[in-house]
Amino acid sequence: MSGVALVTGAARGIGREIALKLARDGFAVAVNYASSEAKAEKVVAQIETAGGRAVALQADVSDPDAVISLFSTVTDELGPVHVLVNNAGITDDGLVLRMSADQWDSVLNTNLRSVFLCTKAALRSMVRARSGRIINISSVSGISGNPGQGNYSAAKAGIIGFTKSVAKEVGSRGITVNAVAPGFIKTDMTETLGAAVIDGVEQQIALGRMGLPKEVASMVGYLASSDASYITGQVIVVDGGLAL
Ligand code: NAP
């Protein structure tokens with residue numbers, strides 16, 4: 001495949017592996033980051049060393065003006081976006097009884113508002129091109145819920161409803177919209193959980209271990225490929241058999 005892919009939050013973790021996978025698959029990749037500039041430049045260097053094309057672009061994807069300027073820069077530097085991966089996300093856990101409105105808003109803005117803003121911006125050129133792929137990173141937390149993650153699971157469930165609605169809106173324009181729902185994946189986000197929690201979680205996973213970022217990236221690569229041309233509005237769970 002060729003064309004331009006934009007991956008939000010691609011300096012580290014799952015987003016980084018998605019950027020590297022899409023570059024290996026032939027896409028020119030816009031590596032978005034919020035604050036991890038050096039790590040984003042490293043991802044770009046790794047792609048370029050392997051013979052690919054990439055740029056690192058800073059933008060807070062929950063900010064409407066930043067998103068407009070991000071898409072305009074990607075278009076100027078690489079071309080119109082053909083594959084959008086809405087990956088950027090944060091957690092700010094706490095029981096609902098103790099959760100502040102700010103904790104709610106920041107997680108909803110970063111994890112859900114960003115998906116709306118980037119999707120809207122990407123659709124302009126995709127509708128004109130009558131083709132495109134949007135892949136939203138949800139979570140099993142948005143399917144099954146998780147105590148202490150009321151804000152996060154609401155955002156991730158919101159992504160699923162949004163994915164299905166947009167899939168129905170733009171299917172006739174040749175654009176597919178899907179969600180990937182990872183389980184527990186080894187990244188900075190889960191590193192803070194502590195060994196005891198991780199042990200407990202691993203016992204609930206059929207495959208008995210946490211997943212790797214590249215195991216999520218390979219599903220994203222598939223959904224971005226021509227092999228997935230007849231798949232839209234779906235939520236693909238990549239969790240080693242956690243949410244069975
Ligand atoms: P991570 O290692 O903590 O990385 C999060 C990424 O999001 C970082 O690159 C960060 O950028 C970026 N980001 C955060 N706020 C942003 C903003 N406002 N604008 C642009 N980028 C922003 O997390 P991860 O584990 O790779 O998670 C990636 C996605 O998978 C998230 O949506 C997460 O909810 C989802 N997920 C993860 C797991 C898991 O077990 N790890 C499970 C299910 C779903 P900077 O570094 O530049 O700040």
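Overview of values
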item: Percentage of interatomic Cα-Cα distances in the chain larger than 31 Å; result: 17
item: Label-point separation in nm, LYS39 to ASP63, each point 7 Å along Cα→Cβ; result: 1.9
item: Descending semi-axes in Å of the stretch 69-125, equivalent ellipsoid built from Cα gyration tensor; result: 31, 9, 9
item: Fluctuation leader among ILE134, ILE205, ILE14 - the chain, Gaussian network, Cα springs under 10 angstrom; result: ILE205
item: Estimated 222 nm signal from helices in the chain, with DSSP H stretches of n ≥ 4 weighted -39500 (n - 2.57), rounded to 500; result: -14500 deg cm²/dmol
item: HN-Hα J in Hz across the stretch 228-244 - Karplus 6.51, -1.76, 1.60, θ = phi - 60°, x for Gly and Pro; result: 9, 5, 10, 10, 8, x, 9, 10, 9, 8, 10, 9, x, x, 7, 9, 9
item: Calculated diffusion of the stretch 131-244, Stokes-Einstein form, Kirkwood radius summed over Cα pairs, 10 °C and 1.306 mPa s, µm²/s; result: 107
item: Of the trypsin sites (Lys or Arg not before Pro) in the stretch 156-238, those whose Cβ has at most 16 other Cβ within 10 Å and which sit in DSSP loop; result: LYS186, ARG209
item: Average accessible area per residue (Å²) across the chain - probe 1.4 Å, nucleic acids and ligands excluded; result: 47
item: Largest-first principal axis extents, alpha carbons of the stretch 108-185, Å; result: 43, 21, 19
item: Separation between Cα centres of the stretch 195-244 and the stretch 30-99, rounded to whole Å; result: 22
item: Heavy-atom accessible surface of the chain: percent carbon and sulfur, 1.4 Å; result: 52
item: Exposure rank, largest accessible area first [GLU17, GLU169; 1.4 Å]; result: GLU169, GLU17
item: Label-reachable residues, the stretch 11-40, where backbone N falls under 14 Å from a point 7 Å from GLU48's Cα toward its Cβ; result: 29-31, 38-40
item: Set of lysines near LYS21 by C-alpha distance (under 27 Å), chain-local residues within fewer than 8 positions excluded; result: LYS39, LYS42, LYS120, LYS156, LYS164, LYS186, LYS214
item: Cut-off under 5 Å, modelled amide H: who pairs with VAL180 long-range; result: ASN136, ILE137, SER138, ILE236
item: Highest-fluctuation residue, ALA181, ALA56, ALA196 considered, GNM on the chain with Cα pairs under 10 Å; result: ALA196
item: Choice from ILE159, ILE137, ILE198 showing the highest fluctuation, given a GNM over the chain with Cα pairs closer than 10 Å; result: ILE198
item: Size of charge dipole - the chain - debye, nearest 20, with Cβ of Lys, Arg +1 and Asp, Glu -1, no other charges; result: 780
item: Virtual spin-label span in nm between LYS214 and SER131, 7 Å along Cα→Cβ; result: 2.9
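The values are calculated or read from the model by the stated rules, or taken from the named source; none is laboratory data. This structure is a prediction, so every number in the text was calculated from the model and none was measured. Here the Cβ is made from the backbone with ideal geometry for all residues, glycine too, and neighbour counts use every protein chain on show. To get the accessible areas, we keep the full protein, side chains included, count just its heavy atoms, and leave off ligands, DNA and RNA. Shrake-Rupley method; radii C 1.70, N 1.55, O 1.52, S 1.80 Å.
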